[in-house]
Amino acid sequence: MSCPKDKITLEFNGKPVTARPGDTVASALYRSGQRIFTRSFKYHRRRGLLCLAGKCPNCLMNVDGAPNVRTCITLVRAGMRVTHQNASPSLENDWLSVVQHFDRLMPVGWYYKTMTDPRVWHTAEPFVRKIAGLGTPPSPDAVSGNYEHAYRHSDVAIIGGGPAGLKAAISEAENGRQVTLVDDQPELGGHLRYTKIAEAALPELVAKVQTLPNMQVLNGSYCFGLYEGNLLGIVQPRRDPDDAERLIHLRAGRVVVATGAYESPLLFPNNDLVGVMLSTGVLRLIHLHGIIPGKVAVVIGQSPLVEPVVADLREAGLQIAATVAPKSVVRAIGKKYVTRIETRDARHACDLVVMCGHRIPDAGLLHQAGARLEWNAGKGAFIPTDLPAHVSAVGQVTGESLSAAATLPPVLDPASKRAFVCLCSDVSSQDLANAIDEGFDHIETLKRYTTTTMGPCQGRMCQLPAIGVCARQTNHSMAETGVTTGRPPNPGVTLGALAGARHHPTRRTPMHYEHEAAGAAWLDMGEWKRSRYYQSPMGASEKQCVEQEYRAVRERVGLIDVSTLGKLDLKGRDVGRLLDHVYAGRFSDLRPGRTRYGVICDEAGIMLDDGTVSRLADDHFFVTTTTGNLDFVLQWMNWWLVGTNWDVYITNLTSGLAAVNLAGPNAREVLKPLTDCDLSTAAFPYMACRVAQVAGAEAILMRIGFVGETGWEIHFPAESGPDVWKAVMEAGRKFDIKPFGIEAQRLLRLEKRHIIVGVDSDALTNPFEAGMGWVPKLDKEDFIGRSALARLATQPPKQKLACFIMNEADLPEDGAAIMIGGQLAGRVTSARFSPGQGKAIGLAWVPAETAREGAEVQVRVRGRVARARITEKAFYDPDGARLRM
Amino acid sequence: MVEHQGWQVAATFGNPSEEAARTRESVGLADLSWMSKFNLQGSGMKNAPDLGPDVRVWLLGRREYLVTCEPLVADAAKARLVQIMGVETRLRPPIYVTDVTSVYTQLMVAGPNSREVLSKLTSLNLSEGARGNLSCAQANVAHVHAVVLRNDLPGIPAFHLLVGREYGESLWESVLHAGHESHITPLGLEAQKLLQK
Ligand code: FES
């Protein structure tokens, strides 16, 4: 007998329980005297162990914070904390069990009928919320990062470690294939572990499997889905608390399903009493755990299934009170536990009822993969047929060694409201009959209306009896009734496993740490980290900081990191042609050394992206895109290149180049000592570009002005990022240079009426409405969106993007409503307080007739209506004189 | 940190011989972003050019190759390319060379457990049969698009992950996280030299 040193202690509801090595949580608790394992979902009836195979809802508990753990297949670990669920205050006394006495008020589908009235719902909601659901989700801090995904590949995957699976695995491996064997039980062997079968050569098979080098065994792991392309979803639970719960994505050349057959319960009143168990469950307790679950048993079943079971039970020392046929059972009797079985002609006292239930091929994975489940009357089961290519089945899942004689068709006459078909949601045969009478007489609608087969067991315990009752009530055959569709995941998967480890990619610009040192307040733009503004050590407010950055750019000089812009290098003889085709503007005539603004429209003339195009040499262009649209623009260009045979080669240099925008009246003075390039307006005019050295790095310089001041956008190798940034800041010190962030940039550009595609425009905006009718060059050769743009050019737009300035000191939010005469007429896309104007300014969509100088509109500002005036010109330097200085 | 072929590179994270030993036994992670890389495209790129024994040329796509080498030999490789192109430009079709050294962060995951670690981050099949030495592929690694190059150290399988430079720190952390169970070690330049022997 086991000595104390191999005893394991776990905690159940706060009390210590001793277990033996090899015990599951359920077997350890059963040995310690626990008989009630859970309370049922709806009626809170007592439920005890039933299948011991992880296939029913009767042993779900909370283990180490995780709800709904199937304790009968979870091995014990020292220090495990197990608590019951769905019962209050305790499993033995659950006050909600009174509910079952009101079952008349809660017929099947009652919530669909009663909760339609909002008043009823409001009264019922707090109570329903309290009692609904099964188990409590763990708190976010209770779930550590111990979840991960893993990707595996093998030639053959075998699902099921019973005799058929073991043999298949061995022969595949011996033929030189890489084999992965997946089994959901703690140990390999399937039914050989607990039944006495003469051919049993289990130890040899297991030993063989473990020695083959090209075999990987995942035991205690369950496969919950078989997806397209033979992708298997497998969960490998934690072995110890430090371990990770792992979701394995296994891609297999072939899948062999050897999931065997399982047993499902018989239908008779009170078939859910504690002490009524499946024969395989009883045999598991006896042979795997050395537990004899009772003294006097009644065995219900048919020949030839019952005889070996009876023999086995006798040998274990159980007294068999009677062996009765399923047909003759009238009901089970018992208050807390089963105490008697009443048959048509007798009553048998007992403390254990052993059901030799239906044998059901575990064909869920095959069904998911596309196999058909066909009723086979000779075997009394739905048998998988028409297996998809590269998926096969072996062993009992194919219906091998099943015979209809073993069990009767799963029907019950008459229906009873205590003969439970669905243990998960307490649906009785009477409930099903009622639902069918209400018109839900198709197995799929019956499933949805009653939730039968939709609970934690996912139909394993209830599907066959439900089909039986449905067939009987509708006078159809089993074959005509058919099965419900099985979908993954089955069995259920924890959300943690699906989510996996937290690898959130973060994109940092080359100057990230310079910004951090300068006190950047971060803004997440997609995966990018950008500086919203720079906090002042003096603790100034965001508004004050932004205003200081704004003033630096307008009055002196400022520097912003624009490395997140998309940057594409285009080489080849036909680049101009591609750009002419993809952009609405013209680029083939752009001279080397010049930059032009470009807008991409789609076939309907909708604006998709904007950016700059610079020609560095005859066959070399450099294109920038907005931060978020890089991937799209790259794909868009490549898409239009397909099949053209044009000499165009695109390299994405976004990651390779850092970029800054140096802007302000003193920008030239700051840059001059750092570069060999002549920066005078004569040599380097507005909208020109050059390749030159900047602070020792080879750079592309473009003289453009998003913020409306003299300035250069400078692109240079990412690894020089921090050095160039520091050099520019140092050179700017005597001009009191300031780094500026997104907020200041957005304000500066708003004063210039520069729009941001995707912020001020939306998925329906064309250039004419956006006030950029000069962009499309309709006289060039065909390009994307040309016919749509040509049509739009002749139609007056209904609405226009216009600038507005508030009359008083109100600041509308982005998205605020524009009203005219009390009617909703448009919306604000961007609004900021402009220090230059002393008022809030912004861009808004307004009716075209309102988009004229001096028109009055109302803007909704936090529930009030404030007045604003439309202006046609940019607020700041409308003629762009400062850009050309 | 030491200066290495014009780059600042970590010499060691503590103990070079221990870093090397742990890599031999299990798995190590090194930053090789200093390696020179350039992209070759163009209708002239029908076959991989021969750029000498110290330069690796990887086929990325149709008429697109990635060249990797140590900075010391990069100039020689470029000169050799110019030579090849010199002949070809007259003949057309052209070849375009773009330096992409700065585009990529290059991390090397080396050691017998490198596959185990990477299998937590990518669905790419890294088995010997599918991804032999000197093969390359593109896949998502830790949710980031990566070029995966297999370039073994003597007797040790090694995978190089090339991702956009801005993802560097993020990927480094993800690999260390995935390798925690295998006691992954960061590898400095010193240890890399030991492993080359
Ligand atoms: S007894 Fe555990 S799932 Fe059935």
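The values are calculated or read from the model by the stated rules, or taken from the named source; none is laboratory data. All figures in this text were calculated on a predicted structure; none of them were measured in a lab. Glycine also receives a Cβ, built like all others from the backbone with ideal geometry; neighbour counts cover every protein chain displayed. We work out accessible area using only protein heavy atoms, side chains counted, and drop any ligands, DNA or RNA first. Shrake-Rupley method; radii C 1.70, N 1.55, O 1.52, S 1.80 Å.
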Enumerate the amide H contacts of A:VAL391 below 5 Å, restricted to partners 5 or more residues apart or on another chain; note that Pro and chain-start residues carry no placed amide H.
-> A:VAL255
Rounded if a/c is under 1.5, else prolate if a/b is larger than b/c, else oblate: which is the stretch B:36-99, with a ≥ b ≥ c the root eigenvalues of its Cα gyration tensor?
-> oblate
Here the residues of the stretch A:642-686 whose accessible area is at least 10 Å² smaller with all protein chains than in the chain alone (probe 1.4 Å) are A:ASP647, A:TYR649, A:ILE650, A:THR651, A:ASN652, A:LEU653, A:SER655, A:GLY656
Return the whole-Å distance between the Cα centroid of the stretch A:223-262 and the Cα centroid of the stretch A:716-786.
-> 50 Å
Under a 5 Å amide H to amide H cut-off, with H placed in plane at 1.01 Å, what residues pair with A:GLY611 once short-range neighbours are removed?
-> A:GLY598
Using 0.36 nm per residue of separation minus the Cα-Cα distance, give me the extension gain between A:SER90 and A:MET819 in nm, one decimal.
-> 256.3 nm
Work out from phi, with θ = phi - 60° and the Karplus expression 6.51 cos²θ - 1.76 cosθ + 1.60, the ³J(HN,Hα) of each residue of the stretch A:491-507, listed in order in whole Hz, and give x for Gly and Pro.
-> x, x, 10, 6, 5, x, 5, 5, 6, x, 5, 8, 9, 8, x, 10, 9
With Rh as the Kirkwood radius over Cα pairs, the stretch A:528-673 has Rg/Rh of 1.06
What is the gain in length, in nm to one decimal, between A:ARG119 and A:MET538 on full extension, counting 0.36 nm per residue of separation less the C-alpha to C-alpha distance?
-> 145.3 nm
Which value, in debye to the nearest 20, gives the size of the charge dipole of the stretch A:314-433 about its Cα centre, when Lys and Arg are +1 and Asp and Glu are -1 at the Cβ?
-> 520 debye
Compute the long axis of helix A:163-174 from its Cα atoms, compare it with the longest principal axis of the Cα atoms of chain A, and write down the angle in degrees, 0 to 90, nearest 10.
-> 50 degrees
Subtracting the Cα-Cα distance of A:TYR227 and A:ARG331 from 0.36 nm times their residue separation yields 33.2 nm
Dipole of the protein assembly as shown [Lys/Arg +1, Asp/Glu -1 at C-beta], most positive-end residue of A:THR626, A:ILE600, A:LEU226 | A:LEU226
Roughly speaking, to the nearest percent, how much of chain A's 1.4 Å accessible area is carbon and sulfur?
-> 52 percent
Once both label points are put 7 Å beyond Cα along the C-beta direction, the A:THR211-A:GLU187 separation in nm becomes 1.9 nm
Farthest toward the dipole's positive end in chain A, which of A:HIS44, A:SER425, A:ALA521, given Cβ charges of +1 (Lys, Arg) and -1 (Asp, Glu) about the Cα centre?
-> A:HIS44
Delta accessible area of at least 10 Å² on complex formation, residues of the stretch B:160-181, 1.4 Å probe, chain isolated as reference | B:ARG165, B:GLU166, B:TYR167, B:GLU169, B:SER170, B:GLU173, B:SER174, B:HIS177, B:GLU181
Given only helices, namely DSSP H runs of n ≥ 4 each adding -39500 (n - 2.57), what is the per-residue ellipticity at 222 nm of the protein assembly as shown, to the nearest 500 deg cm²/dmol?
-> -6500 deg cm²/dmol
Report, to the nearest 10°, how far helix A:542-555 tilts away from the longest principal axis of the Cα atoms in chain A, using its own Cα long axis and a range of 0 to 90°.
-> 30 degrees
Would you calculate the separation in nanometres between label points at A:THR474 and A:TRP522, each defined as 7 Å from the Cα along the Cα-to-beta-carbon direction?
-> 5.7 nm
In whole Hz, what ³J(HN,Hα) sequence does the stretch A:14-24 give by Karplus (6.51, -1.76, 1.60; θ = phi - 60°), x for Gly and Pro?
-> x, 10, x, 10, 8, 10, 9, x, x, 6, 8
About the Cα centre of chain A, how large is the charge dipole given +1 on each Lys and Arg Cβ and -1 on each Asp and Glu Cβ? Please answer in debye to the nearest 20.
-> 1980 debye
Those residues of the stretch A:718-753 for which accessible area with every protein chain present is at least 50 Å² below the isolated value (1.4 Å probe) | A:GLU719
Relative to chain B, whose Cα atoms define the longest principal axis, helix B:168-179 and its Cα axis are tilted in degrees, nearest 10, by 40 degrees
In nm, to one decimal, how far is the A:ARG733 label point from the B:VAL2 one, both placed 7 Å along Cα→Cβ?
-> 3.4 nm
Once accessible area is computed for B alone, A alone and the pair with a 1.4 Å probe, the total buried surface, to the nearest 100 Å², works out to 2900 Å²
Cα pair count fraction exceeding 40 Å, expressed as % - chain A = 56 percent
Diffing the stretch A:364-372: the Karplus 3J(HN,Hα) column from phi (6.51, -1.76, 1.60, θ = phi - 60°), in whole Hz with x for Gly and Pro, holds x, 5, 5, 4, 4, 6, x, 5, 9
Find the accessible area per residue for chain A; the probe is 1.4 Å, ligands and nucleic acids are left out, and the unit is Å².
-> 42 Å²
What is the list of residues in the stretch A:470-512 whose amide nitrogen lies under 20 Å from a point 7 angstrom out from the Cα of B:HIS180, following Cα to Cβ?
-> A:494-506
Any idea which of A:LEU166, A:GLN837, A:HIS715 is furthest toward the positive side of the dipole for chain A, if Lys and Arg beta-carbons carry +1 and Asp and Glu beta-carbons -1?
-> A:LEU166
Which residues' amide hydrogens lie under 5 Å from the amide hydrogen of A:ILE383, considering only partners 5 or more residues apart or on another chain, with H built in the peptide plane?
-> A:GLU374, A:TRP375, A:ASN376
